[in-house]
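Data block below; observations after.
Read-outs throughout are calculated quantities, based only on the coordinates presented, and are distinct from any laboratory measurement. Nothing here was measured: the structure is a model prediction, and the numbers come from that model. Cβ coordinates were reconstructed from backbone atoms using ideal geometry, including for glycine residues, and neighbour counts include every protein chain displayed.
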Amino acid sequence: MGMIKEFKAFIMRGNVVDLAVGVIIGAAFGKIVNSLVEDIITPLLLQPALKAAGAENIEKWAPGGMLLGKFIASVISF
């Protein structure tokens, strides 16, 4: 039972709880930013620019077999 008491004391220290809360909030914020980019910014700004350039589906752009388009889309999403 000593190990359980020590583990409980470790978990109840502020640093571990704060870290766990930070990770959860960070994951949720990541989803919000991802939705903002995919649902608002891309349709309003990026799609007309890609259409004007003749590259409507950038994710399928693969010169030489490398998926550069998918990489560029990920960078824009970040």
Trypsin sites (Lys or Arg not before Pro) restricted to the range 1-54 and DSSP loop, no more than 13 other C-beta within 10 Å: Arg13
Inter-site label distance for Lys8 and Ala49 at 7 Å from Cα along Cβ, in nm: 5.6 nm
